[in-house]
Every structure is written in structure tokens, then in C-alpha cells.
Amino acid sequence: MHPIYRYLPQGDIRLLTLHPGDALATLSCTLQSTPLESAPDYEAVSYAWGSGDLTDTLTVFSNPDPTSDHASSSGGVAITPHVTALLRSLRRAAEPRVLWIDAICINQADISERSVQVLQMRQIYTRALHVIIWLGLATEDGSSDLAFTFLKEMAMHRKYCVRHNWIGGQRLGSDTSSECGRGALVEMSFDELDDEGHADDEDDHTAQDTSTDEDDTEATSRSSQAYPLDWDTDPYLGRVQQAEPYRSKIDLVRDLFQKWVDPIAWKLSDKYHYYIVSGYWNPLKRWRQNQAREKARVAWDANNKASHIAFGYPILYQNEMDVFFQERYQDAWAAVDQLLYRQWWSRTWVVQEVWSASDKAILQCGQRTIKWKTFQKAMSYEEAWDDMGNTIKESKDARIGLWGRLKRRYGLAIHLCKMRLIDGKLSDLLWNTWDRDAQDPRDKVFAVLGLVSKNAGLLKPDYGKTTRRVFCEAARDIIRTEDSLDILLAAGGPRFGCDGGTLPSWVPDWRKEANEARPVLFVNRAHRLSPYVSNSMDMLVINEHGYSACGDEKAIAWFGNDIATLHTHAVLIDEVGSVGAPQGPGPATAGLIIDDACSVASAAFAGGTPSWWEKKQTDDLQGLVKSVLCAGAPGEKTDCEVIENVMPLRRFFVNQREKRLCIGPSSTRPGDKVFIVAGCNFPIILRETADPDGEMSMFELVGEAYVHGIMAGEAIEKMKAQTWWERLAWWLPPKEVKWCEIVIR
């Protein structure tokens, strides 16, 4: 054992007391163990490890006071340059600082200690006085300081817009729908707003906590001058909200009735293939809708040129943050881009660290700090992110080529701000952190175990296990504890090697690179359309997709030796017939995708298309768009946009017997089997493989499938359906689905 690290009893932690010193002084500290339950005040640090090269040394003293006559050095701890920079940024000039930093407070060479300490990480961050989120050193060009200033300005703007009903630079009454003119433009600084008696509790501070309120006011004033707010209407503020006219009770009842009738009508249309549904294909209704849209567009154009009054009512912007999505803020947004590109934002561990910290977290970059709740206010305008993309594209911003990566950066940050899946299910947490990095792949699972509501029956952190073993045990425990096989929807696809051997096909690979190599899931495809989708991250989308191919059948599963095989009950639905060309990883145009669907369907009939296909070809394609590709996507997205974002790494296919147009992974091949598995809400595609023992058929999981016409459990209902004679014969037992046992390896 390392001479500095002694045995740590169960429930204890080590705290690091960082000795004071000037910028150039040698770093030194004291390490002391204490029970977590009775630990003194300390600050936990959340940071990115950086490179793994332990080239620097931290001097550790046995006495808390290094200047004492009895103080002696116990030795040194090897640390990375990144941790050295962190400690220098956090060190105070005149007083010690008590910290918890995992790289130092946990003996990284002791596998047993690491496993125990990781299990209590949530309590460590929850009990901390503050959680310091260290993003790294400040940039030499000042862009990191600019980003912090801009984020705080946006947070204050949103705060006062909400508090004072500020719209377009003028204060409105509490009744925002009252009829009033635009009036004179009222310019008010944040200083004047503060004078009204509403203290800003999100003030910016330096790392040494030495700033005063006057300093913050001055900084805010300077930032207001640097970014003057222009409240005039901008081309991207296309969404308007008008005062709602008087409506009779009959109108309200009619609307309420229509709200319930429309979804039922659509479900019936999807199930029975009605052509005229709820007026959707009614040409007269569509013509009226188009006329109304055109009238609104003309009115908006006229309103832009006139007095901001349309139809006699003041226009109130739906999103008060749209003002920041203009070209004059390009430098500020570029600074925020760089800040969010730092490694910390993409780590898996930060999810538990931030969610456990709640409002105690503080962002720090160099010596500049900002409270996490201030950052949350700045990032809490998810509806404006599409405006940001439009601004970049329409202004021919140089960042347009980076927009794909920018969306991911902002999406990760907004996900941290908007979500708190504490006490959730393990599958939910793994799904929501799939797009994040971890130096040790096992941490993809271990980093979220502390957030699970019920740990009973789940694996425990154990760094003595291989990555393969950890992922297999996680999949097994999810199936056992959640009584569902929907976890199979995350499996399949390319299989990458890992320590311990290749994963079984039914076990999801939770590494980020595996997620990027597979198609976006049908059940959470909306995440790829914009960085944040309202309400889509409040709970795992898989629980809300509305599909239930297996009906109400419960999961039945058991496992082979070494968790190498999954035994379950399934029913064979069909076989893959002709397949279309696989779509690449990049988006293709919707027109080409639909043309490919038509060619696949036509080829399936070889000798010619039957009359029903000629009649329903367009209807089936529209059904795919409405029922599959567009389900769960934001309402303002067009069908084309949704198709182009969902189809990459997929291909169309036609099943052998029913001749239905289906969608599967790009690796789907003719002869693959389409099964419905008990407890799995989507059909899955399996490929038969040779059984080493020759006892029974074995399969490999290819991936999830969409088969039009069986997604709501129609296939299961058909198997249970009785003839009129069977219904009369009440003494006969009800029909049962003939499930068969399958083995997936």
C-alpha cells in the first residue's frame, strides 16, 4: 500500500486540506480520514481528469499546519498536470481550504477501496458545502471570461422578463393579453432593475469570494454596454402570441371534444387504413388551413413594417430570449461554444455530481465563477435553439459547418440543466448518459448506480470485473428488476471488442462510440432533431412512445452460464424479403428516401404490383411518416426533416408473407426473422446462427424494427381472436398465444 494511504474503514472518506500560498509556491496539503456522516465542512470538486500522465507531485504533510515544528512530509502523491492546475486555481492566499478530490482522496491503486468509495459518491457530493465544477484554466484571449459575462447577462434578462413581464424592452401589466399600444421604447439597465428592490441572488463571484456587490454591479453595467439589447423585431422572431378573443362555452366544449376525438380517429385510421380521416385528407379543410396560414404570414409581414400591432392586439413574443440570437452576438456565442467544448461537459460522472449537488454547484474557469443556477437560467430557453440554428444558417455564419457538433455540445449542457433523474431506473439513466464519455468503460454503469432508486438486486461497483462482465450483469439486472425486455432495443448493431471478450448481441454496449455507430432509436429519435426537446427528457421516451407490439404480455427471461445467452419467449411474425439500399450515417434527402421505399416495395412483387398497392402506395408511405418517423418529434418539424434525421443507418424492407413496408437496421438481410418478444414493445429482427451443441436454434440480435400494422399489438390480438362459434362456446378456454422458446446469444 502507498505510504500515504492507510486502510479506510467502511463509511469513511479522506479530506484534503489545501495549504495556502501564493501563485508560485509549491503545492502542499494534508490528508485526513473522517466518517462521512460526521465530516467537517468541505467542498467537493467535479472536473475532467485530462491526460493520464502522472508527471507532477503533490507534497503531503502529516500535520495540518506545515509551518509547525512538528510538521513533517509523509511523502508525495503523483498527480496529472490537469490536477496541478486545478489545485493552483482553488488554493487561497491566506487560509487553508478543505476539499474532496477523487484523484487524491481515493487510493486509485487499491481496487477494493475504489469500488467502495464509488458506491458512496452520491452522498459525498450531496453532503458537500459546495460543489466546485472546474472547467479548466481561463483562455488567454479572454473568451472564457466573455462567455461567463454573456451567460450571466442572459440569465438576468430571463429573470427580469419573467419577474416584471418585460416584453420587447417595455413593462406590461399582469394581464399580458390586454389591448395596448406599443408605446415609447423604454430602455432600462440591469442596475435600474436592481433599484426596484429585487436583489439578484445569482451574482458572479471570483474564486476567492472577495468580490463585492459594487463590483458585480459594475461588471453588469460593463456587460450591458458591451451587448446593447436591441428590442426591435428581428427576422427570426416568427412566432407570435395574440390576445385571445372571447369564446363562448359552446366553443370551449367543442374544442375539448375535438381534443379527445382527434387522437382516437388517428388511431383508428392507422389500424384500419381509412383514407379519409377526421378531415385530414379533406381538400376543402386543407385549403382553408393554407389560406389561414397565408393570411397570418401577410399580417406578420405587415406588422414587421408597421407598429408591431396585428389584428388590433399587441404582439407578445413567445420566447423572450430570441433577442440574443442575432449576428451582433456572434463573438459571445463563439465564446460559449468554446466553453461548452471543454471535456468536462461530455463526462458521464458529472451527471451524478451535478444532480447530487443541486443548487450548491459553482462553475469555475480560471478565477472566474458563476453559480450553477445562474447557468441554468441562461440555458433554460430550449425553444430558442432552433432560432440559433436558423441564425447561423441564414446569416452565413462561419460556424454553420460546425452546427452538427454545436448541437451536441449545447444538448449535453441543457440536459444537465433540465434533467434530474435521481431515484430513477437503471435503464433510464444508462439511456440518458449513452452519449457521454468515460475513460474506463465500466464507469458508464458505475457512474449512475448511485442515482438508482432501488439498488436491491443490482450489481455493485467492482473494478475487479471486466467491461464485458459489467455490461452483461447490468443488462441481466435491468431485465430482472424492471420486468421488461425493452432493453433489447438498445442492443444489436456493430459489436466492438472490449476487455473480457465480445459482448453477446442482446447486451447493450453503453460506450459512446457504440451509440454513434448505430441508428438513432425509434423511441428517442426526437433527441437528434434539436439539442433539447421540451418534455422529451423529463422521462425516458421509451415509456411514452405509445407502441406495444407485444400487447400486455409480460417478460419471461432466464440466462445461460456466464450470462452469455438470453432465453425468452417469442413468436415468429414474418421473414425479411427484399431489402432497400442501406442508408449511410449522414442525412439523405427525404425525396430520395421515399423513392427508395417505393422501389423496394415494387421489387417485392416481382411480377407486378397488386391493385391494392397501387391504390394505397402513397397512403402507406404517409402512414410511415406519421406513425413512425414523425411520432414524438417536435410539432414545428416538417415530415421531411424528421425522415432525414431518422433514416441514417437504416434501410427499408418488405416482409415475405404480408408484403408490408418495414424499417430495420442497415445490417438487415433477406432471410432474417421478425419476432415479437414477450415484454418487448417493438418487434425485433433476429438472425439464425449455428448452435455449437446442435440442440436448438440460436439467434443473434440485429436490432429493432418497425412493421406497419402490428405496432399496437394487432398481431397478438389476431392470435387470440376467436371465431363466432368459439365465442358462443363459453365453456371453452380462451385462446392463448403459442409462444416458443428462443435463445439469443
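The listed residues are LEU86, LEU129, LEU99, and the only one of them that is surrounded by fewer than 18 Cβ atoms within 10 Å (Cβ to Cβ), touching a residue at least 12 places away in the same chain (Cβ under 8 Å) and at negative phi turns out to be LEU129.
The number of residues in region 649-681 that are surrounded by 20 or more Cβ atoms within 10 Å (Cβ to Cβ) and among the hydroxyl-bearing types (Ser, Thr, Tyr) comes to 2. Among the residues of region 360-376, none qualifies, meaning not one is in contact with a Lys or Arg (Cβ under 7 Å, 6 or more places away or on another chain) and at pLDDT below 90.
Residue-level check: of (1) among the hydrophobic types (A, V, I, L, M, F, W, C); (2) assigned by TED's automatic domain parsing to the domain that holds VAL354; (3) surrounded by fewer than 18 Cβ atoms within 10 Å (Cβ to Cβ), ALA456 misses just (2). Note on region 4-46: residues that are among the polar types (S, T, N, Q) and either surrounded by fewer than 18 Cβ atoms within 10 Å (Cβ to Cβ) or in a loop (DSSP other than H, G, I, E, B) (or both) amount to 6. Among the residues of region 320-368, just one is among the hydroxyl-bearing types (Ser, Thr, Tyr), over 24 Å from VAL118 (Cβ atoms) and not in a helix (DSSP H, G or I), namely TYR341.
If you check ARG669, ARG727 for being of a type in the set (Lys, Arg) and at pLDDT below 90, only one passes: ARG727.
For region 420-449, a residue qualifies if it is at pLDDT below 90 and either in a strand (DSSP E or B) or of a type in the set (Gly, Ala, Ser) (or both), and exactly one does: GLY424. Here region 416-453 is the region considered, the condition is being crowded, with 19+ Cβ neighbours inside 10 Å and of a type in the set (Lys, Arg), and the residue that is nearest to the chain's Cα centre (by Cα) is ARG436. Taking the listed residues VAL677, VAL625, VAL642, VAL646, the one that is at pLDDT 85 or above, hydrophobic (A, V, I, L, M, F, W, C) and under 32 Å from the mean Cα position of the chain (by Cα) is VAL677, with no other qualifying. Tell me whether region 92-100 contains one or more residues that are within 31 Å of the chain's Cα centre (by Cα) and within 21 Å of VAL354 (Cβ to Cβ). Within region 92-100, one or more residues are within 31 Å of the chain's Cα centre (by Cα) and within 21 Å of VAL354 (Cβ to Cβ).
The values are calculated or read from the model by the stated rules, or taken from the named source; none is laboratory data. On a predicted model such as this, the values are computed, not experimentally measured, just so you know. Virtual Cβ from ideal backbone geometry, glycine too; neighbours counted across all protein chains shown.
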